[in-house]
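First the structure, in the form of structure tokens, and then the observations on it.
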Amino acid sequence: MDRREIAALLAYIGRLDPRTIRTDQGEARDQLAQWYELLADVPLATPYGWDARITARRHIRVSPYQILPADIARPWESYRRDRLERHTDPTPSADPDDQAAWTAELAGTRRAVASGGAQPAQYQQLTSRRIDPELEARLREVGSCIPPEARAALAPYRPARAAREAAVSQGQPDALSVRCEWCDAEVGEPCRRRQVGPEGTARDNTPRTKPHPGRLDLAAAQRTPQAQATQQAQQPAMV
């Protein structure tokens, strides 16, 4: 703030709290010089949420103590710190080989964000949203987002999933929907084959294409009429 803005801020504060008014010309001049010395690097207002008058009004409203320049400077430092913490330094448009120009643009962007002249640049976050109705209808029509040709080409590289999809498409129980009590494979994970060495310890633990028979029996036993209906409705998506 320059001296005129400091004077305007003091006049605004004086209307809200008469204790800050200085009637003596010398005292008023000293007060103006003091506030200017402490708040010269604090803007009166920025386009993005900072206003020294709002900060002063908030202090006068909630605090019984007379306002000081620090009561303006402290919220301003918090405002700057918060903006810089949310800033992610976008790649400068300057030539990366020109170190001086690159650094100057990077520093200039940070100063603009810190001073409230520009919004912090943040990475876009993935958020959950409803699927587009047209895309949802298309997925119901084709049954899967993976084309049949691509699924057939991928089958040799993921035999466990291919066997699972084939079993579900034929109306058989989905063995991977339950935990295997033989090899302790979790839900959705293929069963594993353990090889035991002569010393009695496991040497290898490789995935099986086909689940253990006990896991198939457990999946079949847990199929309720409602689950069977749901599985039949999902069969086109697994084919």
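What follows draws every value from the coordinates through simple rules; no lab data is involved. Nothing here was measured: the structure is a model prediction, and the numbers come from that model.
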Sorted by chain and then number, the residues having a modelled amide H within less than 5 Å of the amide H of Arg193, at least 5 places away or on another chain, are Thr206, Arg208
Length gained, Leu84-Ala8, 0.36 nm per residue minus C-alpha separation, equals 24.5 nm
